1. Would you mention how many residues in the range 139-153 are within 21 Å of residue 65 (Cα to Cα), surrounded by 12 or more Cβ atoms within 10 Å (Cβ to Cβ) and in contact (Cβ under 8 Å) with a residue 12 or more places away in the chain?
2. Every residue in the range 109-129 that is surrounded by 17 or more Cβ atoms within 10 Å (Cβ to Cβ) and farther than 13 Å from residue 6 by Cα, please.
3. Residue under question is residue 335, and the condition is that it be under 18 Å from residue 234 (Cβ atoms) and either under 24 Å from the mean Cα position of the chain (by Cα) or open to solvent by 30 Å² or more (accessible area, probe 1.4 Å) (or both); does it hold?
4. If you go through the range 39-57, how many residues are in a loop (DSSP other than H, G, I, E, B), more than 13 Å from the chain's Cα centre (by Cα) and modelled with pLDDT of 90 or more?
5. For the range 45-67, which positions are farther than 29 Å from residue 261 by Cα and surrounded by 15 or more Cβ atoms within 10 Å (Cβ to Cβ)?
6. Please enumerate the residues belonging to the range 171-203 that are open to solvent by 30 Å² or more (accessible area, probe 1.4 Å), of a type outside the set (Val, Ile, Thr) and in a helix (DSSP H, G or I).
7. Touching a Pro at 6+ places or on another chain (Cβ under 6 Å) and over 18 Å from residue 96 (Cβ atoms): does that describe residue 12?
8. Taking the range 154-170 as the search range and keeping residues that are modelled with pLDDT under 90 and in contact with a helix residue (DSSP H, G or I) (Cβ under 8 Å, 6 or more places away or on another chain), which one is least open to solvent (accessible area, probe 1.4 Å)?
Amino acid sequence: MCAEYATFGLAPATRAGGVRTDGGYQVHRDFVDFIVDGRPLLFQLSDLDAVSPLASDVPPAIFTAQVRSLLLESPAPLPGGRYVVYGCPECEDLACGAVTAVIRRDGEDFLWRDFAWQTGEHADLDLNAYHGIGPFRFRGAEYRAALTALLDGSAPDTRRRVLLIGSRVAVLAKLAAALRTIGVGADITHDVDAVPADELSRYDAVAFGPGVGERERAAVRRAFEDARVPVTCVDGLAPIVPLLVAQIEHALDRGPAERRRLTGLTADGGTADIDVTSACRVTLTAYRLDRLARPHTREIFDGVLEPGRHRVALGAKRMRGRSYLVARTSTTVLVTAVPH
């Protein structure tokens, strides 16, 4: 039995959406992650693409039921006192796989133990246990305070919405459609003159197309400042929809650096340096425009990296023209231009 106490907390987290190289979509999901001893519990699962049951886009009744379940105010949903800790970000089907754990009380304390990967009604601890995770003992008062805060409205609103401004209507329409497909709200406008402040407050980011002049950009920033609405501005690098989606996902990530898996991405003509804070699966994708402004996409790297800085060869001969890199984990996206 776990003798020492672990701290328990909650923090907003994101499963970053995106456009895959095969044309498919990865849905953007905002959720509340479990913070154990100051670190996201998800970070102990190196290559897992998953979200907690406390997702912001589920109906309020379901969200409340999930919170009360973790407070043990209702029977365990799975045999053996097991609860889903992380599940599939695309659906709620246990067959896709989920991380489950036994949650129970011990006096005033709450215990999380016997973590396992589960795809059916029963967990096989011999084959699928996470032996390196837990058990965790949480003080009851701290545990209950964190979870009940989600029920009294004090938890942060994690919904995301983006305002798109540019002259290339076809590109903006495709970008808006892609963002909406992955679960990020998007609206298109030419300027923000006469837009009421309460409407400006709906947006977390503003994305400018390359054709928007500096005077227009300054006017937009000033409108948000006058409305006292903090907003992140994104300067679109190139009319490549997957690249622009990645830029916007990067801008929407407001989490502190210590809760990000990727903290750095730099490149020169031949190599890229990637900074990783915890073991995780990383993909590195290159985008470029040729002399006829046609987009090209190439997968550079896909694998699990350990904490630290990693250098990846790009193949300089294949990074001609205007080139850009997108590094991605399940929760973090970074974008950089590749200098000539």
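The values are calculated or read from the model by the stated rules, or taken from the named source; none is laboratory data. Since we're looking at a predicted model, the values are computed, not measured. Ideal geometry is used to build each Cβ from the backbone, glycine not excepted, and the neighbour counts take in all protein chains shown. When the accessible area is computed, the model is the full protein with side chains, heavy atoms only, and any ligands, DNA or RNA have been set aside. Shrake-Rupley method; radii C 1.70, N 1.55, O 1.52, S 1.80 Å.
1. Of the residues in the range 139-153, 10 are within 21 Å of residue 65 (Cα to Cα), surrounded by 12 or more Cβ atoms within 10 Å (Cβ to Cβ) and in contact (Cβ under 8 Å) with a residue 12 or more places away in the chain.
2. Result: 114, 115, 116, 117, 118, 123.
3. It is true that residue 335 is under 18 Å from residue 234 (Cβ atoms) and either under 24 Å from the mean Cα position of the chain (by Cα) or open to solvent by 30 Å² or more (accessible area, probe 1.4 Å) (or both).
4. Adding up the residues that qualify gives 2.
5. Scanning the range 45-67 gives a single hit, 65.
6. 173, 174, 177, 180, 197, 198, 199
7. For residue 12, the condition - touching a Pro at 6+ places or on another chain (Cβ under 6 Å) and over 18 Å from residue 96 (Cβ atoms) - is met.
8. 166
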